[in-house]
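A short worksheet on the structure shown next.
The values are calculated or read from the model by the stated rules, or taken from the named source; none is laboratory data. No experiment lies behind these values; they were computed from the predicted model shown. Virtual Cβ from ideal backbone geometry, glycine too; neighbours counted across all protein chains shown.
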Amino acid sequence: MPANRMSLLRILLATALLAGAAHAQPQLINGVAVVVNDAVITYQDVRLYVAQTFDLLDRQYGNQPVVLAQRRKEVIEDGMKQLVERQLILHEFKTSATPLPESIIDDNIRDRIRQRFGDRATLARTLRAEGVTMETYRKRVREEIIIEAMRYQHVSKDLIISPQKIQRYYEENKTNYMIADQVKLRMIVLNKPPGGDGGATVQLAREILEKIKGGATFEEMARIHSEGSQRLDGGNWGWVERKVLRKELADVAFTLAKGTMSPVVELPEACFLMLVEDTRPAHVKPLPDVRDEIEKNLLMKERARLQDQWIARLRAKSFVQTYTY
């Protein structure tokens, strides 16, 4: 066994013994989580890696302890997996004997300072607040550059989705691009006063309706009177499907012919006037409208497939040992 591997295993044995001595404590403070070739990933490394995600989970599931515990477990497992993959990639770069010029790191740090911090002093203050040294930050940047370059070389380089594959995906998944019946809608919303009978609101709606019939434009009346969120746009809702509207409004709007206006629709909280400018029957979005979306989706899937294959090859020729306590 190589001397460096023997030394590493001695360190692991000592760590395991210390963890065993602390077994009576309610929670493991730190310990070796995974060894990847000559790199050690500790539980503290994993916790730091997922810290921001943990904060989000705490805010989202703080009142659901069972769900929170399960989600935390999933995040830790995923974080550990990602850290292992990072070390596999870094080890592959190290064994390739390809040097990374220090000038590239310097240029990258200068770009980050310009884009995120403004100046080096702000970067230094930010790092001090996080308890990170400039040396550690430089090492982090170096590793990110290496990982990005390696992934590009082995996963993304020259990756192209053929038009035939896009066409085939579209034909096989047309149901994903179905559009239900639509109307191009404008709407005037008049809210009733809280606790009132709403008679004045109904009367105003009828007066607006008569003005429109007399020649005023629906768009103008919406800008003047509507209390809906589309007021400044003349009450314009654009193309909408039935599911966008509450049932009472949809039942009226989808019976109107192109270019026709509804009567006053009175509901408990408001009165509504609707103009259907156009109608469009249910249809499938044409391929040109969804080509970019499909290509992006297929590229993402292909990158994931190639990434999994590449990582599997790296793992097969590496020493990876996971430890549990």
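Need pairs with beta-carbon distance below 7 Å; first residue more than 15 Å from residue 187 (Cα to Cα) and within the range 201-222, second basic (Lys, Arg); sequence gap 6+ or separate chains. From the range 201-222, the pairs are 201/192.
Give the range 182-217 a look and list any residue that's at negative phi and part of a loop (DSSP other than H, G, I, E, B), or say none. Walk me through it before giving the result.
Step one: of the range 182-217, the residues at negative phi are 182-194, 196-197, 199-214, 216-217.
Selection gives 192, 193, 194, 196, 197, 214, 216, 217.
Can you find even one residue in the range 173-181 that is part of a loop (DSSP other than H, G, I, E, B), of a type in the set (Asp, Glu), touching a strand residue (DSSP E or B) at 6+ places or on another chain (Cβ under 8 Å) and modelled with pLDDT of 95 or more? Talk me through it step by step, then tell me what you get.
Applying the first criterion (part of a loop (DSSP other than H, G, I, E, B)) to the range 173-181 yields 173, 180-181.
Within this subset, residues satisfying the condition of being of a type in the set (Asp, Glu) are 181.
Next cut, touching a strand residue (DSSP E or B) at 6+ places or on another chain (Cβ under 8 Å) only: 181.
Subset that is modelled with pLDDT of 95 or more: 181.
For the range 173-181, residues part of a loop (DSSP other than H, G, I, E, B), of a type in the set (Asp, Glu), touching a strand residue (DSSP E or B) at 6+ places or on another chain (Cβ under 8 Å) and modelled with pLDDT of 95 or more: present.
Among the residues of the range 249-292, those that are of a type in the set (Ser, Thr, Tyr) and surrounded by fewer than 16 Cβ atoms within 10 Å (Cβ to Cβ) comprise 255, 260.
Looking at the structure I just gave you, is residue 148 in contact with a helix residue (DSSP H, G or I) (Cβ under 6 Å, 6 or more places away or on another chain), part of a helix (DSSP H, G or I) and under 30 Å from residue 305 (Cα atoms)?
No: the conditions fail for residue 148.
Mind telling me which of the residues 112, 59, 71 ends up being farther than 18 Å from residue 322 by Cα, assigned by TED's automatic domain parsing to the domain that holds residue 144 and assigned to a helix (DSSP H, G or I)? Exactly one of 112, 59, 71 is farther than 18 Å from residue 322 by Cα, assigned by TED's automatic domain parsing to the domain that holds residue 144 and assigned to a helix (DSSP H, G or I), namely 112. Residues considered: 86, 140. Of these, the only one that is surrounded by fewer than 15 Cβ atoms within 10 Å (Cβ to Cβ), in a helix (DSSP H, G or I) and charged (D, E, K, R) is 140. For the range 194-221, the set of residues classified as farther than 14 Å from residue 265 by Cα and of a type outside the set (D, E, K, R) consists of 194, 195, 196, 200, 212, 214, 215, 216, 217, 218, 221, listed by residue number.
Give me the residue from the range 47-57 that is loosely packed, with under 12 Cβ neighbours inside 10 Å and not hydrophobic (A, V, I, L, M, F, W, C) and, out of that set, farthest from the chain's Cα centre (by Cα). Once the filter is applied, the top-ranked residue is 55. Which condition number does residue 41 fail, the rest of (1) at pLDDT 90 or above; (2) surrounded by fewer than 18 Cβ atoms within 10 Å (Cβ to Cβ) being met? Going through the list (1) at pLDDT 90 or above; (2) surrounded by fewer than 18 Cβ atoms within 10 Å (Cβ to Cβ), residue 41 breaks only (2).
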